[in-house]
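**Student:** Structure in structure tokens, see below.
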Amino acid sequence: MIPYYYLASIALIVIGIYVVIAKKNLIKIIIGLDLMDTGVNLLLIAIGYVKGGTAPIENANYALYVDPIPQALVLTAIVIGVSVMALALSMVIGLYKNIGTLEIDELRRVKE
Amino acid sequence: MKRIVAAILAILIFIVLALAFVKIPFGNINLSDYHYYNPITDKQTSDSVPQHYLVDGKKDTGSTNIVTAVVVDYRGFDTLGEVTVLFLAATGVGSIMYIFEKEKRRKVRRANAVVETASQLLFGFIVLFGAYIFVHGHLTPGGGFPGGAVIASAFLLLYLAYPRFHAEHKTLNVAESLAGLTFVIAGLLGLLISGSFLYNFLPFGVPTYLFSAGIIPVIYVAVGVKVGSELTGIVDAMMGVRE
Amino acid sequence: MMVQPVLLIALPLFFAFLLPLISLWSKKVLKYVVMGVMAFNAILAFIVLIEALKAPIFDIIAGFQPPLGIVLMVGPLGAFIALVINVAAFVISLYSATVTKEPLLKYYMLSLLILMGATGMVLTGDLFNLFVFLEVTSIAAYGLASYNKDRKGFEGALKYVIMGSIGSSFVLIGIAIIYAQLRTLNMLDIATRLGEMDPYTKIVAFVSLFLGFGVEAEMFPLNAWVPETYDGAPHPVSAMFASMSAKSGIFALARVIFTIFAFSNYLWFVVIMGILTVFFGEIIAYVQKNIKRMLAYSSIGQMGMIIMGLGIGTVLSVQGAFFQMFSHAMGKALLFIAAGYMIYAAGTDRMDKMKGIGRNPLIGIPLLIGILSIMGMPPFIGFYGKFYILMGGFQQGYYAIIALFLAASIVEVAYYARFIKIAFEKSERKYPAPNIWVYAPLIIFAIIIVLFGIYPKPVMDILSHVAAFLAGGA
Amino acid sequence: MDLFTLVSLILIIAMLIAAVVAAELKDLLSAAVALGVVSLIVSILFYILQAPDVAITEASIGAGLSMAVLIFAIKHTERWEK
């Protein structure tokens, strides 16, 4: 039996991959990339969860904490995700100002 | 056609990844079951890395928030890289949007008086709240990244309320440079004082007090200022309302 | 005096943060500052290499023993590749002086940070830190690829962003799987306790990391971004991609294969990916008319040879792969700089319009040296790499693979020979003379290629540590 | 089934629906909003999984700013996917 949190995050990743491969609109593709990032982040946090644990901030009433490392990694990954997204979107704007379309098919047609 | 290929590929990846997680338990783990190996001393220990952080984190770093201890101290080098990534993104967006600066601005409608007054009132409070989040990063949840994002959202509010508003570019650049330099210099001072980069060389003080945990608050303030000014820069460039 | 490897990363970063402040004072000094920093960094890398030859350096960061803290793990090979990257970066920074398009400040910041990211990827000994530096390198590369801000640049850069983001997501998935089973991120710690992992999970983790780093290492079938990105980027940036980000990507691949997963039964998979990459690159390069696209496809072919050398997995072939990394970093950077000048001088990027462009000896002689080296002619450095990879293949009895490899090499010789013929043909057309920022880097690269081609002993001495690397050391 | 499982499952199903909506809507502006919803639900999931630091960051950066950036980009280009 595979835990449902893992299945949910893998499903999110896979939806992202599907969008990136199947869609032809550049902004849609970037939405797909963001879905992938979010899925991986959820996966990492789920890996770090300990049943009955509490957030890793010192607390006199609890002795069991969840794993702090995945949280630190995800903090990094979120910021990286938003950076890539902003950069990609500014490139999309640049491309749009140059040729006036967001569709990959039309982009290819303008080339010929 | 392309959709079918994509769907088949996606289902395939789903199955492969899901099967990899059959043997990985969710929640039912005991963090002290893993015993790490130190490659320098070539010794197997009876401790695991997360368990060490949770038990000795406060003693090692002086921070009561262990996530902050990991982010800024144990794995501070990653955070330096992460700050660099955001800096790169701001630089890249600035470089790409540069040509569009000269573009003529569209005629913009003024937002109504309620929005303007409310955003003026709120601006200060939001900035204060952001500053609170990153100053207390070693005590409470939060830290430099969300704090900086909150500050950037205050500026976002101004951008929405006053379509003609734009942040002074030189100030933003100088703020982000100085904050970045603070981080690197703190690291280099650690190298000078104790021979290892990013070493926490300041006294830890009493945990749970504001002035504790050595260089962690210093670095988190620098990160907060940097993230705030960079995200503001990105928003500013994306708004494209410059002359 | 002991130089700590972390300075190689901290110094470019420090100056990248300082550049905006310097630009407030004067914009003209920026390029000299960048050149100076890169030259100083190359010297530091040389000192680190000398120290790493005595014993692998473990540079502990933040004062915590690994795997608690991050550690930089600098063996002789890592230090060697770091030196190659830093020298290439310095020489290319000379050619960057010809870039005049604004905003120059951002260009110089990005070029310092791509150096920092590539160096960090080579030096680090922590898996997640490797991911962070991969992101630094690739985001700097995205910014630089679209620097021209024309249609070609944006298209190439967007393709690169999409492929690169998928790749880095896969790297993160691989890290997550490994972390879930071992609760550690240090490479040597993972390598020691790899036996605790479930075999199927281990393979999934390996494939995720392999594919993830394969994007940066231009591996088939993840290299669709390469030609357009190289073609659309400014000329110095194409040289940077070939000699810096691709090299750091392939070194990360070598780390994954040998240091983390000391795999021996799955290496055939790597060899097959390598030979596919070689074929894909060389065959398509043959039909290209655009010079930068041809060089980009040829670059894919060369990276495929390196992946193949790593995959064959004997000491001899891995030595060949590392030699090939060195020769490709130098040779391809030279060719891209020469191509940049030729496109500028001929006013077009079509090869058939470049008749007689090599007859100016300042361009022609380095160009000839570079091409012969990439083709693998003795006595230039390109020869040794190919030769050792082939010898390693013979040792292991991969005869079919070797036949294919030789066939691909013949295709490579054919299209470079065609290019030489065009470049040195007699022609009436007058081309503008190159200025010092163009021919100085060309000559420096040519000198390195000839020098180590005639006297390869220093490099071979460094590469004699390959056996220790294969055994899972630093 | 305890409360933890119940709440998680409801949120996960909502999240997946929002993700599919973000993937399939032709109106990019609505897709962007759906993406923001995904981020918001994920940040609640982070909080349930005892990661308050990450939840705050995801809510402010993932759901807030990245959506703002996406909407600006759509404003500069086209709203409808063909």
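The values are calculated or read from the model by the stated rules, or taken from the named source; none is laboratory data. Keep in mind that what you see is a predicted model, and the values were worked out from it rather than measured. Virtual Cβ from ideal backbone geometry, glycine too; neighbours counted across all protein chains shown.
**Student:** Taking B:Ile40 as meeting all but one of (1) closer than 30 Å to B:Val218 by Cβ; (2) facing another protein chain (nearest Cβ under 8 Å); (3) among the aliphatic types (A, V, I, L, M); (4) part of a helix (DSSP H, G or I), write down the number of the exception.
**Tutor:** Single failed check for B:Ile40: (4).
**Student:** Could you grab me the full set of residues in segment C:1-16 that are modelled with pLDDT under 90 and over 20 Å from C:Thr124 (Cα atoms)?
**Tutor:** C:Met1
**Student:** Among the residues that make up segment C:420-442, is at least one of them out of contact with any Ser or Thr (no Cβ under 9 Å at 6 or more places or on another chain) and on the phi > 0 side of the Ramachandran plot?
**Tutor:** There is no residue in segment C:420-442 that is out of contact with any Ser or Thr (no Cβ under 9 Å at 6 or more places or on another chain) and on the phi > 0 side of the Ramachandran plot.
**Student:** Could you list all residues from segment B:189-203 that are surrounded by fewer than 17 Cβ atoms within 10 Å (Cβ to Cβ) and either under 23 Å from the mean Cα position of the chain (by Cα) or in a loop (DSSP other than H, G, I, E, B) (or both)? Can you show your working first?
**Tutor:** Step one: filter segment B:189-203 for residues surrounded by fewer than 17 Cβ atoms within 10 Å (Cβ to Cβ), giving B:189, B:192-195, B:201, B:203.
Of everything in segment B:189-203, those that are surrounded by fewer than 17 Cβ atoms within 10 Å (Cβ to Cβ) and either under 23 Å from the mean Cα position of the chain (by Cα) or in a loop (DSSP other than H, G, I, E, B) (or both) turn out to be B:Leu189, B:Gly195, B:Phe201, B:Pro203.
**Student:** If I go through segment B:135-161 residue by residue, how many of them are more than 21 Å from the chain's Cα centre (by Cα) and at pLDDT below 80? Break it down into steps so the answer makes sense when it comes.
**Tutor:** Just the residues of segment B:135-161 that are more than 21 Å from the chain's Cα centre (by Cα), to begin with: B:158-161.
Of the ones still in play, those that are also at pLDDT below 80 are none.
Result for segment B:135-161: 0.
**Student:** If you scan segment D:12-22, which residues turn out to be under 12 Å from the mean Cα position of the chain (by Cα) and within 9 Å of chain A (Cβ to nearest Cβ)?
**Tutor:** Start the filter on segment D:12-22 by keeping residues that are under 12 Å from the mean Cα position of the chain (by Cα), which leaves D:12, D:14-22.
Passing the criteria: D:Ile12, D:Met15, D:Leu16, D:Ala19, D:Val20, D:Ala22.
This table checks each residue for (1) under 12 Å from C:Leu113 (Cα atoms); (2) within 14 Å of chain B (Cβ to nearest Cβ); (3) of a type in the set (Val, Ile, Thr).
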site: C:Pro12; (1), (2), (3): yes, yes, no
site: C:Leu21; (1), (2), (3): no, yes, no
site: C:Leu24; (1), (2), (3): no, yes, no
site: C:Tyr32; (1), (2), (3): no, no, no
site: C:Gly36; (1), (2), (3): no, no, no
site: C:Phe40; (1), (2), (3): no, no, no
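**Student:** Which of the following residues is in contact with a Pro (Cβ under 6 Å, 6 or more places away or on another chain), at the interface with chain A (Cβ under 10 Å from one of its Cβ atoms) and under 22 Å from A:Ile2 (Cβ atoms): B:Phe26, B:Phe21, B:Phe14?
**Tutor:** Details: B:Phe21 fails: in contact with a Pro (Cβ under 6 Å, 6 or more places away or on another chain); B:Phe14 fails: in contact with a Pro (Cβ under 6 Å, 6 or more places away or on another chain).
None of the others qualify; the one that does is B:Phe26.
**Student:** Here's something else I'd like to know. Could you tell me which numbered condition C:Lys28 fails, if it satisfies all but one of (1) within 14 Å of chain B (Cβ to nearest Cβ); (2) not in a helix (DSSP H, G or I); (3) not hydroxyl-bearing (Ser, Thr, Tyr)?
**Tutor:** C:Lys28 satisfies every listed condition except (1).
**Student:** Of all residues in segment C:1-25, count the ones that are of a type in the set (S, T, N, Q) and not in a helix (DSSP H, G or I).
**Tutor:** Step one: list which residues in segment C:1-25 are of a type in the set (S, T, N, Q), which gives C:4, C:23.
Still in the list and also not in a helix (DSSP H, G or I): C:4.
Residues that pass the stated criteria total 1.
**Student:** Would you mention how many residues in segment A:60-88 are among the charged types (D, E, K, R) and more than 7 Å from chain B (Cβ to nearest Cβ)? Even if it seems obvious, please write down each step before you answer.
**Tutor:** Pass one, segment A:60-88, residues among the charged types (D, E, K, R): A:67.
Next, only the ones that are more than 7 Å from chain B (Cβ to nearest Cβ) stay: none.
Counting residues in segment A:60-88 that are among the charged types (D, E, K, R) and more than 7 Å from chain B (Cβ to nearest Cβ) gives 0.
**Student:** Here's another thing I want to ask about it. Only one of (1) closer than 27 Å to A:Ile99 by Cα; (2) at the interface with chain B (Cβ under 8 Å from one of its Cβ atoms) is not met by D:Leu70, so which one is it?
**Tutor:** Single failed check for D:Leu70: (2).
**Student:** Kindly indicate whether any position in segment B:211-224 is of a type in the set (Val, Ile, Thr), within 22 Å of B:Gly81 (Cα to Cα), within 11 Å of chain C (Cβ to nearest Cβ) and not in a helix (DSSP H, G or I).
**Tutor:** Looking through segment B:211-224, at least one residue is of a type in the set (Val, Ile, Thr), within 22 Å of B:Gly81 (Cα to Cα), within 11 Å of chain C (Cβ to nearest Cβ) and not in a helix (DSSP H, G or I).
**Student:** If you scan segment B:135-163, which residues turn out to be away from chain D (no Cβ under 11 Å) and touching a residue at least 60 places away in the same chain (Cβ under 8 Å)? Walk me through it before giving the result.
**Tutor:** Of the residues in segment B:135-163, the ones away from chain D (no Cβ under 11 Å) are B:135-136, B:138-139, B:154, B:158, B:161-163.
Selection gives B:Val135, B:His136, B:His138, B:Leu139, B:Pro163.
**Student:** Is it the case, given these coordinates, that D:Leu40 is in a helix (DSSP H, G or I), more than 14 Å from chain B (Cβ to nearest Cβ) and touching a Lys or Arg at 6+ places or on another chain (Cβ under 6 Å)?
**Tutor:** Numbers: in a helix (DSSP H, G or I): yes; more than 14 Å from chain B (Cβ to nearest Cβ): yes; touching a Lys or Arg at 6+ places or on another chain (Cβ under 6 Å): no.
No: the conditions fail for D:Leu40.
**Student:** In segment D:46-58, how many residues are in a helix (DSSP H, G or I) and either away from chain B (no Cβ under 13 Å) or on the phi > 0 side of the Ramachandran plot (or both)?
**Tutor:** Looking only at segment D:46-58, we keep the residues that are in a helix (DSSP H, G or I), and these are D:46-48, D:52-58.
This time we only want the ones that are either away from chain B (no Cβ under 13 Å) or on the phi > 0 side of the Ramachandran plot (or both), so: none.
Residues that pass the stated criteria total 0.
**Student:** Go through (1) within 7 Å of another protein chain (Cβ to nearest Cβ); (2) within 27 Å of A:Gln71 (Cβ to Cβ); (3) without any contact (Cβ under 8 Å) to a residue 12 or more places away in the chain one by one and return the number of the condition A:Met1 breaks.
**Tutor:** (1)
**Student:** Anything in segment C:96-116 that is buried (at least 24 other Cβ atoms within 10 Å of the Cβ) and more than 8 Å from every other protein chain (Cβ to nearest Cβ)? List them, or say none.
**Tutor:** Those that are buried (at least 24 other Cβ atoms within 10 Å of the Cβ) and more than 8 Å from every other protein chain (Cβ to nearest Cβ): C:Ser96, C:Tyr108, C:Ser111, C:Leu112, C:Ile114, C:Leu115.
**Student:** Then there is this: Consider B:Gly94 against the criteria (1) more than 7 Å from every other protein chain (Cβ to nearest Cβ); (2) part of a helix (DSSP H, G or I): it satisfies all of them except one. Which criterion is unmet?
**Tutor:** (1)
**Student:** Within the group C:Pro66, C:Pro76, which residue is more than 10 Å from chain B (Cβ to nearest Cβ) and in contact (Cβ under 8 Å) with a residue 24 or more places away in the chain? First the steps, then the outcome.
**Tutor:** Values: C:Pro66 fails: more than 10 Å from chain B (Cβ to nearest Cβ).
Answer to the check: C:Pro76.
**Student:** Sticking with this structure for a sec: Which condition from (1) modelled with pLDDT of 90 or more; (2) within 8 Å of another protein chain (Cβ to nearest Cβ); (3) in contact with a Pro (Cβ under 9 Å, 6 or more places away or on another chain) is the one that C:Ser169 breaks?
**Tutor:** Unmet for C:Ser169, out of (1) modelled with pLDDT of 90 or more; (2) within 8 Å of another protein chain (Cβ to nearest Cβ); (3) in contact with a Pro (Cβ under 9 Å, 6 or more places away or on another chain): (3).
**Student:** Let me ask something else about it. Modelled with pLDDT of 90 or more, out of contact with any Lys or Arg (no Cβ under 6 Å at 6 or more places or on another chain) and crowded, with 17+ Cβ neighbours inside 10 Å: does that describe C:Pro441?
**Tutor:** Values: modelled with pLDDT of 90 or more: yes; out of contact with any Lys or Arg (no Cβ under 6 Å at 6 or more places or on another chain): yes; crowded, with 17+ Cβ neighbours inside 10 Å: yes.
Considered against the rule, which asks whether it is modelled with pLDDT of 90 or more, out of contact with any Lys or Arg (no Cβ under 6 Å at 6 or more places or on another chain) and crowded, with 17+ Cβ neighbours inside 10 Å, C:Pro441 comes out as yes.
**Student:** OK, next. Only one of these is at the interface with another protein chain (Cβ under 7 Å from one of its Cβ atoms), part of a helix (DSSP H, G or I), within 18 Å of B:Ala6 (Cα to Cα) and not small (Gly, Ala, Ser): A:Asp34, A:Asp105. Name it.
**Tutor:** Values: A:Asp105 fails: at the interface with another protein chain (Cβ under 7 Å from one of its Cβ atoms).
Of the residues listed, the single one that is at the interface with another protein chain (Cβ under 7 Å from one of its Cβ atoms), part of a helix (DSSP H, G or I), within 18 Å of B:Ala6 (Cα to Cα) and not small (Gly, Ala, Ser) is A:Asp34.
**Student:** State all residues of segment C:301-360 that are over 13 Å from the mean Cα position of the chain (by Cα) and β-branched (Val, Ile, Thr); if no residue qualifies, say none.
**Tutor:** The answer is C:Ile312, C:Thr314, C:Val315, C:Val318, C:Ile337, C:Ile343, C:Thr348, C:Ile357.
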